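> Below are the structure tokens for one structure; questions will follow.
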Amino acid sequence: MRVAIETYGCTMNQADSDIIRGILAKEFEISDVSDAEVVVINSCSVIDFTERKIIRRIKELKASGKKVVLAGCMARTSKEALELSDAAVSPDNLEKIAEAVKNSKKIVHIGWKNLDKAEMHEVKCRLKENAIAIVSISEGCVGECSYCITRFARGPLRSFSIDNILKEVKGALDMGYKEIQLTSQDTGAYGIDKGYQMLPKLLKYISEIPGNFRVRVGMMNPHHAKSMLEELIEAYESEKIYKFIHLPVQSGDNDVLKHMRRNYSVEDFIDVVRAFREAFDDLTLSTDVIVGYPTENEESFMKTYELMKRVKPDIVNITRFSPRPGTPAANLKDIPGWKKKIWSRKLTELCRNIGAENNSKFVGKKSLVLLTEYGKNSTVLARTNSYKAVITKGKLGEFKVVKIKSFTYAYLVADDAYESL
Ligand code: SF4
């Protein structure tokens, strides 16, 4: 039987697809969707737009005669998708994917299983299209954010064992991967379910692994970063750890943050950013902002706007609020779409200007970069030691020094990027 996998959503879902692919490849032929009899949809339910798109996709595949197996967050959060699908596995039942495919079973049980996905590293089958290996370090979180549906899909925090994570990292490096992306719903919470925050320790152990490679630390919540700040910055001093933090702030207004149940203040966010910038002058800061949260008004939106102007993040992921079923925020009166559109456009414009201004400072400078992904027109996407995106040329997995010739708000361009080979 030929099986295809379609992956939606976050870095953790991509890591789950590596496990799905590895398990299924033992019994089935992994193929493209066009040739497949069965399609596994590894779904995402974070916003309504994506959920609607996936529902349409399931109907489309069914109409073309294919069998659909639902995996990912919607297996737990979308009754409609579950009913439409022929089979399903929830994220904490991933190891049962072959059984679901073979017997058209829907394996989505009540409660949460303690599945250590790092333990499954040997079964993982990663795509060889880049030099990046995604390594999940935990599943679920300790948060209760009012707008978030992910916690209903991923459950309470279950941290994977350090030993298994280290084995997975070593295994990926032995296979030739050069960039390790550590991911979870909140890397800052790693270990809390085992008694203490273990991220700094994990980073130190990974940094002790011999070899020339880089580690990207995935999204962490500001209050978790703040409560281990000194240790975390010390662990980041290793050259192997990209000087990059992804710190979702979501709003620049403390009342809105309180209503979102985010457990930190704008000042906490600023404290973490300041401490990292004092330690690493070329830090790359990525953050997330939700525009149009129901209790937001013009004044609180402007506080977010002013916060971006003040903090000058390099990357800002802007999401328009959409009420998610079963979340407390879904019971609130939603803000008109046209207003969200105006706010998100205004903020996008500002953040792109900030991104361009930040990147303009690299022109003429030389930088050591790691080549990680193929780009367009036979270029390659590389990363500086602060995870800045650089367009260049060369071999995947190679480290090289480039001179920055130009920039956009999103990436830098090396002077050899468009040299003919
Ligand atoms: S920390 Fe908050 S936003 Fe993140 S997964 Fe948990 S509940 Fe959702």
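The values are calculated or read from the model by the stated rules, or taken from the named source; none is laboratory data. Here the structure is a predicted model, which means the values were calculated and not measured. Every residue, glycine as well, gets a Cβ built from its backbone with ideal geometry; the counts of neighbours run over all protein chains shown. Quick note on the areas: whole protein, heavy atoms, side chains included, nothing else; ligands and nucleic acids left out. Shrake-Rupley method; radii C 1.70, N 1.55, O 1.52, S 1.80 Å.
> Measure out, as a whole number of angstrom, how far apart the alpha-carbon centroids of region 139-185 and region 264-334 sit.
23 Å
> Additional query: Out of all DSSP beta bridges with both ends in region 117-360, state the antiparallel percent to the nearest 5. Show your work: numbers first, answer last.
Values: 2 of 23 bridges.
Bridges in region 117-360 that DSSP calls antiparallel: roughly 10 percent.
> Could you give the accessible area per residue of the chain, probe 1.4 Å, as a whole number in Å²? Numbers along the way, then the final one.
Values: 17840 Å² over 421 residues.
For the chain, the solvent-accessible area averages 42 Å² per residue.
> Oh, and also: Of the residues V401, V249, V38, which exhibits the maximal mean-square fluctuation in a Gaussian network model of the chain defined by a 10 Å Cα contact cut-off?
V401
> Taking the Cα atoms of the chain alone, what are Rg (to one decimal) and Dmax (as a whole number) in Å?
21.4, 60
> OK, next. So what is the diffusion coefficient of region 264-421 in µm² per second by Stokes-Einstein at 4 °C and 1.567 mPa s, using a Kirkwood Rh over Cα pairs?
On the way: Rh = 17.7 Å.
Value of D from the Cα-based Kirkwood radius: 73 µm²/s.
> Treating the beta-carbon of each Lys and Arg as +1 and of each Asp and Glu as -1, no other charges, what is the dipole magnitude of region 2-107 about its Cα centre, to the nearest 20 debye? Kindly include the intermediate steps, with their values, before the conclusion.
Numbers: 17 positive and 17 negative charges, 61 e Å.
Around 300 debye, computed over region 2-107.
> What percent of all Cα-Cα pairs in region 192-324 falls into each 5 Å bin, going from 0 up to the bin containing the maximum distance?
Whole-percent P(r) values from 0 Å outward: 2, 10, 20, 21, 18, 13, 9, 5, 2, 1, 0.
> ³J(HN,Hα) across region 157-165 via Karplus (A = 6.51, B = -1.76, C = 1.60, θ = phi - 60°), whole Hz, x for Gly/Pro?
4, 10, 7, 7, 5, 4, 4, 5, 5
> Over the chain, what is the percentage of antiparallel beta bridges among all DSSP beta bridges, to the nearest 5?
35 percent
> Under 5 Å between amide H atoms, partner at least 5 residues away or on a different chain: which partners does S146 have, H built in plane at 1.01 Å?
Sorted by chain and number, the residues that satisfy this are R261.
> Helix-only mean residue ellipticity at 222 nm, the chain, DSSP H runs n ≥ 4 weighted -39,500 (n - 2.57), per residue, nearest 500. What is it?
Numbers: 14 runs with 147 residues, N = 421.
Per the formula, -10500 deg cm²/dmol.
> Could I ask something else about it? Assuming R0 = 22 Å, what is the FRET efficiency of Y374 and K170, from their Cβ-Cβ distance, to the nearest 0.05? If you can, show how the numbers build up before the last one.
On the way: r = 25 Å, r/R0 = 1.16.
For R0 = 22 Å, the calculated efficiency reads 0.30.
> Which of K26, K303, K240 moves most in a GNM of the chain, Cα contacts under 10 Å?
Sorting by GNM fluctuation, first place goes to K26.
> A further question follows. Under 5 Å between amide H atoms, partner at least 5 residues away or on a different chain: which partners does K405 have, H built in plane at 1.01 Å?
Sorted by chain and number, the residues that satisfy this are G364, V413, A414, D415.
> Something else about it: Out of the total accessible area of region 117-360 (probe 1.4 Å, heavy atoms of protein only), what percent is carbon and sulfur? Mind dumping the intermediate values first?
Details: 4860 of 9820 Å².
C and S atoms contribute 49 percent here.
> How much of the accessible area of region 1-76, probe 1.4 Å, is carbon plus sulfur, in whole percent? Display every interim value, and only then the final one.
Numbers: 1440 of 3000 Å².
Roughly 48 percent of what the probe reaches on region 1-76 is carbon or sulfur.
> For a quick size check, give me the Cα extents of region 117-360 along its three principal axes, largest first, whole Å.
Principal extents (largest minus smallest coordinate, Cα): 52, 43, 36 Å.
> Stokes-Einstein diffusion coefficient for region 1-127 at 25 °C in a medium of 0.890 mPa s, Rh from the Kirkwood formula over Cα pairs: what value in µm²/s? Mind showing how you got there, number by number?
Values: Rh = 14.2 Å.
Diffusion coefficient, whole number: 172 µm²/s.
> Whenever you get a sec, compute what percent of the accessible area on region 366-418 sits on carbon and sulfur atoms (1.4 Å probe). Don't skip to the end; give the middle numbers.
On the way: 1270 of 2420 Å².
Carbon-and-sulfur percentage of accessible area, whole number: 53.
> Find, among the GluC sites (Glu not before Pro) in region 360-421, those assigned to loop by DSSP (not H, G, I, E, B) with at most 12 other beta-carbon atoms within 10 angstrom. Intermediate values should be presented prior to the final figure.
Numbers: sites: E373, E398, E419; in loops: E398, E419.
Taking region 360-421 and a limit of 12 other Cβ atoms within 10 Å, the loop GluC sites (Glu not before Pro) found are E419.
> Among L84, V69, A15, whose Cα projects farthest towards the positive end of the dipole of region 2-107, with charges put on the beta-carbon of Lys, Arg (+1) and Asp, Glu (-1)?
L84
> Just A382, A189, A275 to compare: in a GNM of the chain, with alpha carbon springs under 10 Å, which one fluctuates most?
A275
> Okay, next question. Beyond 23 Å between alpha-carbons counts as too far, so tell me which of K167/K226; K128/K361; K66/K96; K128/K167; K178/K201 fall in that bin. Could the numbers behind the result be given before it?
Working: K167/K226 29 Å; K128/K361 34 Å; K66/K96 20 Å; K128/K167 19 Å; K178/K201 21 Å.
Checking Cα-Cα distances, K167/K226; K128/K361 exceed 23 Å.
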